1. How do the pairs read when you match residues in the range B:1-19 that are within 17 Å of A:Arg171 (Cβ to Cβ) with residues anywhere that are away from the ligand (no atom under 16 Å from the Cβ) and of a type in the set (Lys, Arg), using Cβ under 6 Å and keeping only pairs 6 or more apart or on different chains?
2. Tell me, please, whether a residue that is more than 25 Å from B:Asp17 (Cβ to Cβ), at pLDDT 50 or above and among the small types (Gly, Ala, Ser) can be found in the range A:68-75.
3. Identify, from the list B:Ala73, B:Ala81, B:Ala56, the residue that is modelled with pLDDT under 85, in contact with a Ser or Thr (Cβ under 7 Å, 6 or more places away or on another chain) and closer than 30 Å to A:Phe54 by Cα.
4. Going residue by residue through the range A:153-176, is there one that turns out to be modelled with pLDDT under 95 and of a type in the set (Val, Ile, Thr)?
5. Could we say that B:Gly147 is modelled with pLDDT of 75 or more and either outside any helix (DSSP H, G or I) or assigned by TED's automatic domain parsing to the domain that holds B:Ala81 (or both) here?
6. For the range A:1-57, which positions are more than 10 Å from every other protein chain (Cβ to nearest Cβ), assigned to a helix (DSSP H, G or I) and within 23 Å of A:Pro134 (Cβ to Cβ)?
7. For the range B:1-49, please list each of the helices (runs of 4 or more DSSP H) lying entirely inside it that holds at least 1 residues being facing chain A (nearest Cβ under 9 Å) and over 28 Å from A:Thr38 (Cβ atoms).
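The values are calculated or read from the model by the stated rules, or taken from the named source; none is laboratory data. Model, not experiment: these values are computed from the prediction. A quick note on method: Cβ atoms are made from the backbone with ideal geometry, for glycine too, and the neighbour counts reach across all protein chains shown.
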Amino acid sequence: MSELSDAELVSGVLSGNRDFFAHLIDRHRNRVFSVMLTAVGNRDMAEDLTQETFLKAYRNLGSYDSAQAKFSTWLLTIATRLRIDTHRRAKPESSLDRMQEDKGFDPDSGVRTDRGLEQEAVGQVVRDAIGRLPERQRVAVTLKHIEGLPFSEIAQIMGCTVNSAKVHAHRGRNRLAQLLGHIREEGLA
Amino acid sequence: MKCIEADRLMSAILDGDLPGSPRLESHLEGCESCALRWEALRRTVSDVQALAGTPAPARLTPRIMAALSADAAEEGGRRLATLIAAGSMVLASLVAIAWLWAAGLGEGVTTFFLTASEALLSFVFALRDHLAADSAGYATLVFIWAGILATGLVGMAAVGRICAGFVAARRGVGEHGSA
Ligand SMILES: [Zn+2]
């Protein structure tokens, strides 16, 4: 089973072998979950959204064309759209806000100077900062620097050109550097 | 080199298009603002990269597969509900058409009802995926359709009766006049 390609597993599912889909989930759940976790910053919500992504993929499996995209790229396209749709419905409370209130956290002083923050909490602050980026910048930064995808795939997922994906990543990094307090100056392009 | 070009090189390196740049290095030695900026961007990227590799819980696979089965069962239920709704509406329309024929009302009215039923049926099928999978939605549709039919029938019966009365009265007047 493990030696079957994604495309072979997909045709297996389409010809009635539903269990093959479990292998596709096993192969790709980490990446989808990671993207969702970065997007929503909450494990429960990320699990729900990961499940939604796979259900949606299952329902639309017939429209997947292995000649056009890798299965993971197709899956992340679904995940990205799903995340945009749910984001429009509800904006979760940011834990960056909570931390700033609770611990007197000062973004100007920078995350790393606050020794009281645990490693995981730092991760949460970074996630929240990413969550504050405009949608396309967030997607580009996440897929590039967390998932390590090449820009050709990122462009495919975002439905834009490679150059525009790079511009989004560039702007996202600059904005993030400000949000994380690494840069004070405003108006970086 | 100008700072704007240094900025471009920084992006190319962070994008993974360039492994490094001696020209950038020498610019950074003489330009404090670019050096600070480069340091900030590198820290930002390493902060973000540190988020990588959070694994999904293994229970997610059986959970999704279970949801998939539930989804399939729900889809079956939805199909059945659509079938029942469509069937009831066809039946109601047939009864209405039979009644109209028996009442001797012309083909035009029958055609109207046939067209309306057809339109409504395609509407139901188009909505199939959007209607919450509950049968309450379908029950409402069938109810509305029955209401439309009943109102139409009662209305036409009333109009028919008035016309019949009018014709009878005219006939009565005519007979009276010829006598
Ligand atoms: Zn400079």
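1. B:Asp15/A:Lys166
2. No, that holds for no residue.
3. Details: B:Ala73 fails: in contact with a Ser or Thr (Cβ under 7 Å, 6 or more places away or on another chain); B:Ala56 fails: modelled with pLDDT under 85.
Result: B:Ala81 is the single residue among B:Ala73, B:Ala81, B:Ala56 that is modelled with pLDDT under 85, in contact with a Ser or Thr (Cβ under 7 Å, 6 or more places away or on another chain) and closer than 30 Å to A:Phe54 by Cα.
4. no
5. Values: modelled with pLDDT of 75 or more: yes; either outside any helix (DSSP H, G or I) or assigned by TED's automatic domain parsing to the domain that holds B:Ala81 (or both): yes.
Judged against the criteria, B:Gly147 is a match.
6. Answer for the range A:1-57, where residues must be more than 10 Å from every other protein chain (Cβ to nearest Cβ), assigned to a helix (DSSP H, G or I) and within 23 Å of A:Pro134 (Cβ to Cβ): A:Val35, A:Ala39, A:Val40, A:Met45, A:Leu49.
7. On the way: elements: B:3-14, B:22-30, B:32-49.
By residue number, B:32-49.
Results for (1) near the ligand (Cβ under 10 Å from one of its atoms); (2) surrounded by fewer than 16 Cβ atoms within 10 Å (Cβ to Cβ); (3) modelled with pLDDT of 95 or more; (4) among the aromatic types (Phe, Trp, Tyr), shown as yes or no for each residue.
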position	(1), (2), (3), (4)
B:Glu5	yes, yes, yes, no
B:Ser11	no, no, yes, no
B:Leu14	no, no, yes, no
B:Gly20	no, yes, no, no
B:Leu28	yes, no, yes, no
B:Trp38	yes, no, yes, yes
B:Leu41	no, no, yes, no
B:Thr44	no, no, yes, no
B:Asp47	no, no, no, no
